[in-house]
Amino acid sequence: KYTLFWFRRDLRLHDNAGFYRALRNHSNVLPIFIFDRNILDKLDDKKDRRVEFIHQVITDLNTQLKAFGSGLLVKYGTPETVFPELLSTYDIEAVYTNHDFESYAIERDNMVHEYLQSEGVEFRTFKDHVIFEKNEVLSGSKTPYTVFTPYSRKWKETLNDFYVKSYPTEKYFSHLSKINLPEPPSHESMGFAPVGMSFPVKEVKDLLVKNYAEKRDFPAILGTSRLSVHLRFGTVSIRELVKKAQNLSETWLNELIWRDFYFNIVYHFPHICQGEAFRREYDQIEWRNNEQEFEAWCKGQTGYPIVDAGMRELNATGFMHNRVRMIVASFLTKHLLIDWRWGEAYFAKKLLDFDFAANNGGWQWASGSGCDAAPYFRVFNPTLQTQKFDKQLEYTKRWVPELNSLSYPQPIVNHEMARKRVLEVYQKALKK
Ligand code: FAD
């Protein structure tokens, strides 16, 4: 009899909670990956960096598994159709996988669970993607935190060695199913550079983490880990990173806690998955939603060099530095008064590290409607931000080389006018 291990946001063999349990409890474990048509068919552009990333990673996983006489079974389809097919091909006693927190994933897993149960197949899921989930970090009155600082304090108090211990899957690799599988379907390269070139590398240097607090705000330098895509797809283990952070940098640890925090918000406040503002009163704001201005923002043609540099970096690479994400998001919502959901959706299309929880959290933070909100009257000044964080214009000029030429557009909006305008509009909506 086979036990399936279903890889999703945890595309690695080492230190993988669900994979470890499957291997420990069963002696014939067959790893599978499903290219989910429910997700793929929704992509506007079939040429998607993330799909390319997944292809590269699963090819790599298959090679690693083959070294143990096993392999990765790759299927295309929807889980509704793939599981019945698998059950009719293999004699399956159990399916193991790790938790996923987005609303589509939860529904999908409930459906798969029901189906497997009706067929007498065990379905077991485990926490792997975060350090704490669901109700593991609650306030003294047993309610979810909505503000980061007290959440992070409680998170740190709750943490002990148990939560970061790794799962030594390698002890049980002999329990992998010995099976001769076809190679994963090859795919035509979409023309992006291979992993390690356009995609950030998996290892983070100790020195970088040590210097993180001083360097993280300067987009011109490699001062942050660039691990977000790996955290997104689980090609690195969050437990290993937290151990590193504990030894090297409290500031970096806090960033990893932000990640847990936003998963916690999505879990406890599912209204944000329906497109609503975390603070519902912010849905009264009268956005201007000017389509031409939105287009100028998307293309990096606003006439604000740091904003344009960020958007061009995103369009060209699928990545944008966190400081610049904050600046462009503030600019869209506050300077242009465009609904944060438009920006959220654009980032969702373009970001290699796109993750609903962090992206929604970042956008609502920028617009002021989120949890732990900066006061709504704080409007980033792109010029001052540039003076502080890209003084020599090294980052800006990398992406906007025509900066001082006639071909560079005039600012599409005047900063002082925009600042006054947004304050009035917000005040009116919030009646403060
Ligand atoms: P580092 O600075 O090295 O941080 C390490 C890790 O901590 C990151 O890889 C990430 O997993 C996590 N992290 C850091 N900052 C945050 C944060 N504010 N919220 C949640 N997790 C964080 N991050 C995403 O992973 N996916 C997104 O879709 C996303 N959208 C964003 C949208 C906006 C408007 C803003 C302001 C931020 C967004 N972020 C998102 C958070 C942050 O910008 C990225 O995680 C970070 O830039 C990734 O670079 P890094 O890996 O070098 O991070």
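In the range 3-105, which trypsin sites (Lys or Arg not before Pro) fall in coil by DSSP and have 14 or fewer other Cβ atoms within 10 Å? It would help to have the intermediate numbers written out before the result.
Working: sites: 8, 9, 12, 21, 24, 37, 42, 46, 47, 49, 50, 66, 75; in loops: 8, 9, 12, 42, 46, 47.
Of the trypsin sites (Lys or Arg not before Pro), the ones in loops of the range 3-105 whose Cβ has at most 14 other Cβ atoms within 10 Å are 42, 46, 47.
For Cα pairs less than 8 Å apart in space and 6+ apart in sequence, what is the mean separation divided by the residue count of the range 298-374, i.e. the relative contact order in percent? Present the calculation step by step, with values, prior to reporting the outcome.
On the way: 85 pairs, mean separation 17.6, N = 77.
Over the range 298-374, the number comes to 23 percent.
With 26 Å as the limit, write out which pairs from 349/420; 1/66; 205/334; 171/243 have Cα-Cα distances beyond it, or answer none. From the list (349/420; 1/66; 205/334; 171/243), the Cα-Cα distance tops 26 Å for 349/420; 205/334. Residues considered: 360, 16, 254. Largest GNM mean-square fluctuation over the chain, using C-alpha springs under 10 Å, is found at 254. A Cα-only calculation for the range 191-329 places Rg and Dmax at 17.6, 48 Å.
Modelled spin-label separation between residue 269 and residue 207, with each label point placed 7 Å from Cα along the Cα-to-Cβ direction: 4.1 nm.
For the range 400-430 versus the range 104-132, the inter-centroid distance based on Cα atoms is 47 Å.
Calculate, in nm to one decimal, what residue 378 and residue 394 gain on full extension: separation in residues at 0.36 nm each, minus their alpha carbon distance.
Details: separation 16, 0.36 × 16 = 5.76 nm, distance 2.62 nm.
Here the answer is 3.1 nm.
Couplings 3J(HN,Hα) for the range 320-327, derived from phi with the Karplus relation 6.51 cos²θ - 1.76 cosθ + 1.60 (θ = phi - 60°), are 8, 4, 4, 4, 6, 4, 5, 5 Hz, where x marks Gly and Pro.
The value obtained for the chain, namely the Cα convex hull volume divided by the number of residues, is 154 Å³ per residue. Cβ-Cβ distance of residue 133 and residue 410, R₀ of 51 Å, FRET efficiency by 1/(1 + (r/R0)^6): the value works out to about 0.55.
Distance from the alpha carbon centroid of the range 42-92 to that of the range 142-180 works out to 25 angstrom.
Taking the centroid of alpha carbons for each part, the range 355-391 and the range 274-342 are 10 Å apart.
For a quick check of your reading of the filter: which GluC sites (Glu not before Pro) in the range 380-432 sit in a DSSP loop and have no more than 16 other Cβ atoms within 10 Å? Please list the in-between numbers first.
Details: sites: 394, 402, 416, 424; in loops: 402.
Within the range 380-432, the qualifying GluC sites (Glu not before Pro) (loop, at most 16 other Cβ atoms within 10 Å) are 402.
Treating each Cα of the range 280-427 as one equal point scatterer and applying the Debye formula with no solvent, the log10 of I(q)/I(0) at q = 0.10 Å⁻¹ comes out as -0.31.
List the equivalent ellipsoid semi-axes of the range 72-150 in whole Å, largest first, each obtained as the square root of 5λ for an eigenvalue λ of the Cα gyration tensor. Can you show the working numbers first?
Details: eigenvalues 220, 32, 25 Å².
Equivalent ellipsoid semi-axes, largest first: 33, 13, 11 Å.
Which loop chymotrypsin sites (Phe, Trp or Tyr not before Pro) in the range 348-395, with loop taken from DSSP, have no more than 14 other Cβ atoms within 10 angstrom of their Cβ? Walk me through the numbers before you get to the answer.
Details: sites: 354, 356, 363, 365, 376, 377, 380, 389, 395; in loops: 354, 376, 377, 380.
Listed in order of number, the matching sites are 377.
With helices as the sole contributors, the chain gives -14000 deg cm²/dmol at 222 nm; each DSSP H run of n ≥ 4 counts as -39500 (n - 2.57), and the sum is divided by every residue.
Where a number appears in this text, it was derived from the coordinates with a stated rule and is not lab data. Bear in mind that the values here come from a model prediction, so they are computed numbers and not experimental data. Cβ coordinates were reconstructed from backbone atoms using ideal geometry, including for glycine residues, and neighbour counts include every protein chain displayed.
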